[in-house]
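The values are calculated or read from the model by the stated rules, or taken from the named source; none is laboratory data. Given the structure is predicted, the values throughout are model-derived calculations rather than measurements. A quick note on method: Cβ atoms are made from the backbone with ideal geometry, for glycine too, and the neighbour counts reach across all protein chains shown. Ligands, DNA and RNA are excluded from the accessible area calculation, which covers all protein heavy atoms including side chains. Shrake-Rupley method; radii C 1.70, N 1.55, O 1.52, S 1.80 Å.
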Amino acid sequence: MKYYLPLLLFCLSLTACKNQKNIADNSQNALDWAGRYQGNLPSADCPGIQTDLELKEDGSYTLRYRYQDRSDSVYTESGKLKWGKKGQQITLEGKEKPNQYKVEEGALRQLDLKGKPIEGELAERYLLKRPAESPLNKYWKLVELNGQAIKTTEGACREMHFILKANGQLQAHGGCNSVSGNYKLQEEQKRIQFTGLMSTKMACPNLGKEQEFLKVLGSVDNYSISGDKLSLQKAKMAPQARFEAVYFY
């Protein structure tokens with residue numbers, strides 16, 4: 001009996017290690033899956049479905065999507081996500097099919113109605129990927145200016161924001177007037193410079209904040225970005241303006 005006990009303990013330890021490895025190797029435990037994923041999923045009756053899916057650490061999700069060239073309407077759904085037994089795919093509960101995704105490194109792969117990977121020429125178009133931390137082509141809504149929280153004021157036409165177009169042009173709004181100009185960006189050094197700023201000349205109440213906003217844009221020289229949050233600053237001073245990304249503007 002004394003010869004079998006060590007062998008038994010050795011076998012049990014191997015089994016435990018194997019089980020622990022299987023648990024650790026699945027997507028649920030091994031990947032940093034929480035976050036936002038975006039893509040343009042194929043559609044039979046429009047150029048694509050612009051999709052933004054946010055998975056939250058508490059096990060819930062928020063899905064936003066818009067049918068391109070059909071309508072400007074953005075549809076929003078939310079609910080709980082359920083992991084499969086192997087911890088490699090999720091189901092969005094409360095959403096009609098297709099509602100299953102395989103969780104990959106930095107991406108979600110939409111599955112077919114039977115929960116199987118989609119094959120063929122369009123297979124790689126069924127991917128939702130984490131957005132790169134770049135300020136380009138995003139709608140940046142102003143939330144703080146010179147240390148003061150910003151709210152859309154009475155009489156304002158639109159909220160204060162800007163968009164950096166990939167062609168080097170700035171598209172912005174000060175709340176009353178549209179703003180245009182150019183920018184120079186050095187993403188590796190987190191450097192930015194706005195030039196040639198011009199605005200329309202509409203007269204509206206509370207133009208003070210708009211003028212303050214334009215002054216800040218003309219003075220900053222660097223930025224910091226983390227996910228959906230962006231700050232503009234000059235030299236090593238405290239941020240002069242803070243923004244949050246808004247999707248499907």
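If you run the Gaussian network model on the chain, springs between alpha carbon atoms under 10 Å, then out of LEU108, LEU217, LEU122 the most flexible one is LEU122.
The figure for ASP72 is an accessible area of roughly 130 square angstrom, using a 1.4 Å probe on the protein chains alone. Among the listed options (1) 1.36; (2) 0.93; (3) 0.99, the one matching Cα Rg over 2.2 N^0.38 Å as calculated from these coordinates is (1).
Counting only protein heavy atoms and a probe of 1.4 Å, the accessible surface of the chain is 51% carbon and sulfur.
When ASP112, ASP52, ASP45, ASP69 are compared by accessible area of protein heavy atoms, the largest-first order is ASP69, ASP45, ASP112, ASP52, using a 1.4 Å probe. Taking all protein chains as shown and a probe of 1.4 angstrom, THR76 keeps an accessible surface of around 90 Å². Applying 1/(1 + (r/R0)^6) with r as the Cβ-Cβ distance of GLU93 and ARG70 and R0 = 22 angstrom yields a FRET efficiency of 0.25. Relative to the longest principal axis of the Cα atoms of the chain, the long axis of helix 207-219 makes an angle of roughly 70 degrees.
Summing Lys and Arg as +1 and Asp and Glu as -1 over all other residues whose Cβ lies under 11 Å from the Cβ of GLU144 gives a net charge of +3. Applying a DSSP loop filter and a limit of 16 other Cβ atoms within 10 Å to the trypsin sites (Lys or Arg not before Pro) in region 131-202 leaves LYS151, ARG158, LYS165, LYS190, LYS201.
In this label model, ASP221 and GLN189 are separated by 1.0 nm, measuring between points 7 Å along each Cα→Cβ vector.
A 1.4 Å probe run over the protein chains yields, for the chain, 61 Å² of accessible area per residue, whole-number rounding.
Relative to the dominant Cα principal axis of the chain, helix 4-25 is inclined by about 30°. Solvent-accessible area of TRP83, all protein chains in place: 40 Å² (probe radius 1.4 Å, heavy atoms, ligands and nucleic acids excluded). So, R0 is 30 Å and r is the distance between the beta-carbons of ALA149 and SER180; what FRET efficiency does that work out to, to 0.05? Efficiency, rounded to the nearest 0.05: 0.70.
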